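Each remark here refers to the structure printed beneath this line.
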DNA sequence: TGCCGATGTGACTGGGTAGTCACATTAGGG
DNA sequence: CCCTAATGTGACTACCCAGTCACATCGGCA
């Protein structure tokens, strides 16, 4: 957590520090990000940074939390819509896409955080993933009992598949993924690959 | 490419270098891996390394190629089996799992390589992914025309989903993924989540 | 044995990093 | 206006790294 000094700063200065830190952690994973570069770009002294934050990790976790707080503002809306689980999930990833478009640097911060293999971060990541998994799985079980989702599936496996695809979609936002492609990929999870009884099928091409 | 000096080395020494380099690149992504640590652990001089390899990247690419060469020996078998696309895909990921169990360090090398965001590696990764994509997509189109796979799907989207799930499965090999779970996850992609016409469904639980 | 090219060496260069600390500056209350 | 506490500073320490190079050693051939 930042020291109180940081929050006493004139907002313009505080925001300048946040902005440059976001830029740095968007461009580099934690290990490779450089405090010296951040202070250099802000035009403040190295020592000042240590008036505001305990250390590099403290700053990093603050920035990561900033990024996730903003992201939550987007994805939250997905759970307010009316509709079945598929519509909610589509809305969720659409909101993620929108977030990545409107806040590309914050998006890169979350992406770098998620990829991080450092031990001190690994535990935090594990917790976040665990929470999401149990939320998702209870949501899924409801959809199973109400007969929308095939109840023969293992909810853990379903979460795994959605999480994997969602992670990759989010990784590629802004590169190869747009709204249409997003929906097509989600449809693969929804319908599966195998032909369905009663599916219309081209007989001759 | 290593210099000829490297291949003239007595096999025991050459293998010792490979072994320590594999360990280092399994534990650290390229940027963070340390030549000094490798030579320290091999008990050879820093300068000697530069008799064998052009630079750190040269050594790295050699090790990555070693890892993929071994991995190819495993996954190749998947394409020799008889069966539809789903059986081939299941065999493919099973072979990947086997590889990760029998060569955990080589597996970690490939994983770190794949995650790498460095520019000079990014292009190589892009090529590899592109090749896999086109192989997969032509394989998929065949399965579509022969009526095994729903031809209404976008092959690119299907590849995307499989690739994402496969990547995540491989990431988690040895942590939470075993053979049973692997099959359950692949079934999500095969059948999809939505209930199918004619699916048996529990009426009261 | 003597020679020479191939191979081995580790101190060194130049560069980067996080974090520290003695000192300088500022701001606000008395 | 002055004093004190809070805040700002940047040179500095201690560490890490890739890559170099003048020199040492080895191995095979004459």
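All of the numbers you see were taken from the coordinates with simple rules; none came from a lab. Worth saying up front: this structure is predicted, and the values here are computed from it rather than measured. So basically every Cβ, Gly included, is an ideal-geometry build from the backbone, and we count neighbours across all protein chains shown.
Among the residues of B:27-36, the average count of other protein chain beta-carbon atoms within 10 Å of the residue beta-carbon is 2.
Per residue of B:179-188, other chain Cβ atoms within 10 Å of the residue Cβ number 5 on average. A simple spin-label model places pseudo-atoms 7 Å from Cα toward Cβ; at residue B:115 and residue A:181 they are separated by 2.4 nm. Protection proxy ranking for B:111-124, B:157-170, using the average of other Cβ atoms within 10 Å per residue and placing the highest first: B:157-170, B:111-124.
Where does helix B:56-75 land angle-wise versus the long Cα axis of chain B, in degrees 0 to 90, nearest 10? So the inclination is approximately 40 degrees.
Any chance you could give the angle, 0 to 90 degrees and rounded to 10, that helix A:11-27 forms with the longest Cα principal axis of chain A? The angle comes out at about 50 degrees.
Estimated from helices alone, the mean residue ellipticity of chain A at 222 nm is -23000 deg cm²/dmol (sum of -39500 (n - 2.57) over DSSP H runs with n ≥ 4, per residue). For chain A, the longest principal axis of the Cα atoms and the long axis of helix A:119-145 meet at an angle of about 30 degrees. Site pair residue A:124 and residue A:80 shows an inter-label distance of 2.8 nm when each label is modelled 7 Å from Cα along Cα→Cβ.
Report the paramagnetic label zone for residue B:7: residues of segment B:28-62 whose backbone N is under 19 Å from a point 7 Å from Cα along the Cα-to-Cβ axis. Under cut-off, by backbone N: B:49-55, B:58-62. Shielding by partners for peptide A:113-119, expressed as the average number of C-beta atoms from other protein chains within 10 Å of each residue's C-beta, is 2.
A Förster distance of 35 Å, applied to the separation of the beta-carbon atoms of residue A:134 and residue B:87, puts the FRET efficiency at 0.60.
Taking B:186, B:106, B:97 in turn, the Gaussian network model of chain B (Cα-Cα springs below 10 Å) assigns the largest fluctuation to B:186.
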